[in-house]
Amino acid sequence: MKMEQSEAETNMQILLDFLNCLRKKKLEELTQIQNDLQYIKEDTTAVKKRTMELYTAKERCSMNLRMLVDDFSAEKPLPSLIDQYNNGAITGGRNSQGWIGSARSQSRVSYQANSPGFRSKDANGGSDSTCNTDSGLTVARKRRIHAQFNDLQECYLQKRQHWTKQFNKQEDEGPAAMDVDGYNPGLQDFQAVLTTFTRYSRLRVIAELRHGDIFHSANIVSSIEFDRDDEMFAIAGVSRRIKVFEFSAIVNEPADVHCPIVEMSTRSKLSCLSWNKYTKNHIASCDYDGIVTVWDITTRQSLMEYEEHEKRAWSVDFSRTEPSMLVSGSDDCKVKVWCTKQEASVLNIDMKANICSVKYNPGSSVHVAVGSADHRVHYYDLRNISKPLYVFGGHKKAVSYVKFLSNHELASASTDSTLRLWDVKENLPLRTFKGHKNEKNFVGLTVNSEFIACGSETNEVFAYHKAISKPAASYKFGSDMAGVDEEAGSYFISAVCWKSDSPTLLVANSQGTIKVLVLAA
């Protein structure tokens, strides 16, 4: 009997413990929900207030313009001009009074047609507002919100919670940091994301580069890169040639064949290009023989050739802050740092795994990100190469590319068909992006301050907003052509490059086709 009672008491204690834990968990969730609802309440009030201010300013502008038009309408014909006409001082085939009247009429119409808030009569006597919002565009943007609502919700709450923590850290300075209208910085950050994300829904072709090698059997473009000023771009790949084109000519001067302004032949197939961020006419390349070369496109000659890598070199990158420095990575498992002022490498890091990609932090000459076949991203401080500063794990296969969106945001691509975003300042994973297909090839990765774009083995290019894990837009090569070749399915995107902080994107595929795309509504 005692055993049964003890068992019953134990069971009740276990049940009570479970219920207490569950209650605590749900209360924590409730507290968080209440906090979230408070954010939403505060922000709704702030947005309504801001909206009313915009409406009031618009009405005030409309009223001022109405008064201006009324003043024009109330004016009488200028007596001096009419007197001059009647006295014969003004001559000509055109009736001066009629000209003056029509000019006033035109002025009035001009104000009505171009001024917000004005309503003009149509031919049938109806009225129409010239400043009405384009409802179709607004509806389309709202649809994009609902299609990605979960990600946007997470983004909003993350930004609000982040700023709340910032204010809590500096309680005295918190109220001063808040907008005077109660417009929270977290809300401001989210509005910027929402505005940018909903602005675009597709990638549209604006030009195609026809460089005469489209049907060449070995024409995969491995790298495509804009120069320092976005005036020129270079392409390179298995054709053993570096070609430099003028961007404006490709976009503004359609032609059957576009000729490069510079072309340089190399001994081996090329895997990567990197323009010097300071000296406009210098570009670095690395190739399948492991050679890293610095070229002068003005003379079409190599300035430096570094031959220390023992196997294929996959990646090379010039430092943005120290333009005489560059870094390379190779299948020999080594990362090497070079200086254009000397012939031997400056630093040598043995990674014990194949190196697929290297990239300097844009704000530092001593921090380098390395994408490796060991499925990880290694972040080094070159002042201490004995071990990485951070190691970012999460990818399931080799990390094929690493690129910086800012001094603290790093994007990586992998043959596990995902992209990942990391914070190299706080050593944190931020987001995983899915939608494209990448299992075996190098399909390209490019970033600007807001968007990440990558290729796919479906012969498509995908663009992601950095705050949203699903694609914002995509474009499939051949989708705008009738009678697409059945073999097109075997092609893949091989290189991509954003024009700096712009919606314009260069894209090349394994067939050698190169297109200029732009993000569009």
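The values are calculated or read from the model by the stated rules, or taken from the named source; none is laboratory data. Bear in mind that the values here come from a model prediction, so they are computed numbers and not experimental data. Note that each Cβ is placed from the backbone with ideal geometry, even for glycine, and that neighbours are counted across all protein chains shown. Ligands, DNA and RNA are stripped out before the accessible areas are found, and what is left, the full protein with its side chains, is counted by its heavy atoms. Shrake-Rupley method; radii C 1.70, N 1.55, O 1.52, S 1.80 Å.
Below, the figures for the structure above:
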| quantity | calculated |
| --- | --- |
| Unique residue being within 29 Å of the chain's Cα centre (by Cα) and of a type in the set (Gly, Ala, Ser) when the list is SER274, SER265, SER302 | SER274 |
| Pairs where the first residue, in segment 193-205, is surrounded by fewer than 16 Cβ atoms within 10 Å (Cβ to Cβ) and the second is of a type outside the set (A, V, I, L, M), C-beta under 6 Å, 6+ apart | VAL205/LYS515 |
| Odd one out for VAL399, checked against (1) open to solvent by 10 Å² or more (accessible area, probe 1.4 Å); (2) touching a Cys at 6+ places or on another chain (Cβ under 7 Å) | (1) |
| Tally, over segment 424-444, of residues that are farther than 15 Å from ALA473 by Cα, outside any loop (DSSP other than H, G, I, E, B) and hydrophobic (A, V, I, L, M, F, W, C) | 2 |
| So ALA313, is it touching a Gly at 6+ places or on another chain (Cβ under 6 Å) and crowded, with 24+ Cβ neighbours inside 10 Å | yes |
| Odd one out for ASN441, checked against (1) open to solvent by 20 Å² or more (accessible area, probe 1.4 Å); (2) under 26 Å from LEU152 (Cβ atoms) | (2) |
| Among the residues listed as SER110, SER62, SER102, the single one being under 30 Å from GLY182 (Cβ atoms), in a helix (DSSP H, G or I), modelled with pLDDT under 85 and of a type outside the set (Phe, Trp, Tyr) | SER62 |
| The listed residue being of a type in the set (A, V, I, L, M, F, W, C), open to solvent by 10 Å² or more (accessible area, probe 1.4 Å), modelled with pLDDT of 95 or more and not in a loop (DSSP other than H, G, I, E, B), out of VAL461, VAL391 | VAL391 |
| Selection status of ASP172, part of a loop (DSSP other than H, G, I, E, B), open to solvent by less than 60 Å² (accessible area, probe 1.4 Å), charged (D, E, K, R) and at pLDDT below 90 | no |
| Any hit, segment 366-385, residues being closer than 25 Å to LYS277 by Cα, basic (Lys, Arg) and surrounded by 18 or more Cβ atoms within 10 Å (Cβ to Cβ) | no |
